[in-house]
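The structure appears right after this line, and notes come after that.
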Number of protein chains: 2
Amino acid sequence: MPAAALDFWFDFASTYSYPAMIRIRPLAAANGVAVRLRPFLLGPIFKAHGWDTSPFNLYEAKGRYMWRDMERLCAELGLPFRRPEPFPQNSLTAARLALIGLDEGWGDAFCEAVFRAEFGEGRRIDDAATLASILTGLKVDGGRALASAQSDANKARLRAQTDEARRLGLFGAPSFITPDGELFWGNDRLEAALTWVKRKR
Amino acid sequence: MPAAALDFWFDFASTYSYPAMIRIRPLAAANGVAVRLRPFLLGPIFKAHGWDTSPFNLYEAKGRYMWRDMERLCAELGLPFRRPEPFPQNSLTAARLALIGLDEGWGDAFCEAVFRAEFGEGRRIDDAATLASILTGLKVDGGRALASAQSDANKARLRAQTDEARRLGLFGAPSFITPDGELFWGNDRLEAALTWVKRKR
């Protein structure tokens, strides 16, 4: 991993992380910027705000807007879009699996597949069958991967990654952090984050 | 005003409404889109969320990010930026004056001048002296304008405009509403809103 990677922080439950995940690889490659995937959990951060669910559920007008905006955005990108039910999905197991996959070389493909299943096909990512079929599609031994994902060490690792997100000042996803510590929040700031990395070289 | 105007909803206290106000005229003109300025008050809408101040004050990490993002954004646009103290400013009188100015032909220049004073020069827009000096700069009789602004009819008009904002589903500023009713939220969605208006012609 080159030192100058852009950290891409996301939660699998986060709507705008879906287009960000699809867009980041080609855009980063076109800009010669390496990307490091950093799955984390927004839940604990939202809880510290006193929120027990997504702000898109708590604030009705904001939620209504977001769903329409996602429809428009995905149409523009030629991406299929299905509103997940329930929302937000429980992203815990997917995030734990992603950490294992990122160690073992199948993490990028896994993360993209999870987002496509959830937001493109309306599949539940807290359903073991969804995750198993994604792993099978990647030719990964699902039983072994899941056992590693649910190990105490890996659970602690996801907790530590979420703590790091909070320490870095993250409050939403997707978020991008440049090698010199600049935070950019939102799918619509991806281009600005990449431009920042290029300029600082 | 042509029928196909893009409605630009803003609160003078709203940080991201500053770059939106500066950018909208040239961008709209370049796209052949007319713009209608719709000042309103976010306060009553935030109150309905249980917030008694800006969410940027309530949620510390989000606020810290916003100030840094505004710095970067204004630097990129070559706009002066000063963090207003206090934040948010009380925008009531400025909004009432804007309604009068928009009737009388000095509204566009007034709105831009208020944003520049507040976010470019760090002046208080709840200070009568700030508003008076802006009006003088526009060769407007400040005493007369202020009397019209503070009339019961005009106060009711601003309340009605804020009620309309809520009915339209606005939850933040800046917001843009296209002639066919599409809502776009945020300075970073201005281009998307203009593209939408052009395509639907």
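Applying the criterion of being within 12 Å of another protein chain (Cβ to nearest Cβ) and aromatic (Phe, Trp, Tyr) to the residues of the stretch A:63-87, the residue that is farthest from A:LEU41 (Cα to Cα) is A:TYR65. A:GLU182 meets each of the listed conditions (1) within 13 Å of chain B (Cβ to nearest Cβ); (2) in contact with a strand residue (DSSP E or B) (Cβ under 8 Å, 6 or more places away or on another chain) apart from (2).
Considering the conditions (1) closer than 14 Å to A:ASN31 by Cβ; (2) charged (D, E, K, R); (3) away from every other protein chain (no Cβ under 12 Å); (4) in a helix (DSSP H, G or I), A:LYS155 is excluded by exactly one of them, (1). Scanning the stretch A:167-201 for residues that are surrounded by fewer than 15 Cβ atoms within 10 Å (Cβ to Cβ) and more than 30 Å from A:GLU76 (Cα to Cα) gives A:ARG167, A:ASP180, A:GLY181, A:LYS200, A:ARG201. Of the residues making up the stretch B:74-87, just one is touching a residue at least 24 places away in the same chain (Cβ under 8 Å), out of contact with any Phe, Trp or Tyr (no Cβ under 8 Å at 6 or more places or on another chain) and not in a loop (DSSP other than H, G, I, E, B), namely B:LEU77.
Filtering the stretch A:88-110 to residues that are under 22 Å from A:GLY43 (Cα atoms) and without any contact (Cβ under 8 Å) to a residue 40 or more places away in the chain leaves only A:PHE110. Every listed requirement among (1) within 11 Å of chain A (Cβ to nearest Cβ); (2) touching a Ser or Thr at 6+ places or on another chain (Cβ under 8 Å) is met by B:ALA192 save one, (2).
In the stretch B:50-62, what residues are more than 9 Å from chain A (Cβ to nearest Cβ) and surrounded by 14 or more Cβ atoms within 10 Å (Cβ to Cβ)?
In the first step, residues of the stretch B:50-62 are kept if they are more than 9 Å from chain A (Cβ to nearest Cβ); the result is B:50-57.
B:TRP51, B:SER54, B:PRO55, B:PHE56, B:ASN57, listed by residue number.
Of all the numbered requirements in (1) of a type outside the set (Lys, Arg); (2) part of a loop (DSSP other than H, G, I, E, B); (3) modelled with pLDDT of 95 or more, A:THR53 misses one, and that requirement is (3).
In the stretch B:140-152, which residue that is free of Cβ contacts under 8 Å to residues at least 12 places away in the same chain and not in a helix (DSSP H, G or I) is surrounded by the fewest Cβ atoms within 10 Å (Cβ to Cβ)?
In the first step, residues of the stretch B:140-152 are kept if they are free of Cβ contacts under 8 Å to residues at least 12 places away in the same chain; the result is B:141-144, B:147, B:151-152.
Of the ones still in play, those that are also not in a helix (DSSP H, G or I) are B:141, B:151.
Working: B:ASP141: 11, B:SER151: 13.
Going through the qualifying residues, I end up with B:ASP141.
Candidates in the stretch B:94-126 are the residues that are part of a helix (DSSP H, G or I) and of a type in the set (Phe, Trp, Tyr); of these, the one that is nearest to the chain's Cα centre (by Cα) is B:PHE115. Taking the conditions (1) touching a Pro at 6+ places or on another chain (Cβ under 7 Å); (2) closer than 30 Å to B:ALA193 by Cα in turn, A:LEU194 satisfies each one other than (1). Can you find a residue that is closer than 21 Å to B:PHE119 by Cα, among the charged types (D, E, K, R) and at the interface with chain A (Cβ under 9 Å from one of its Cβ atoms) anywhere in the stretch B:32-39? So far as the stretch B:32-39 goes, no, none of its residues is closer than 21 Å to B:PHE119 by Cα, among the charged types (D, E, K, R) and at the interface with chain A (Cβ under 9 Å from one of its Cβ atoms). Could we say that A:THR93 is at pLDDT 95 or above, among the β-branched types (Val, Ile, Thr) and under 25 Å from A:ASP7 (Cα atoms) here? For A:THR93, the condition - at pLDDT 95 or above, among the β-branched types (Val, Ile, Thr) and under 25 Å from A:ASP7 (Cα atoms) - is met. The combined condition, being in a helix (DSSP H, G or I) and crowded, with 21+ Cβ neighbours inside 10 Å, is not fulfilled by A:ALA129.
The values are calculated or read from the model by the stated rules, or taken from the named source; none is laboratory data. Predicted, not measured: the structure shown is a model, and the values here were computed from it. Methodologically, a virtual Cβ is constructed for each residue, glycine included, from the backbone with ideal geometry; neighbour enumeration extends over all protein chains shown.
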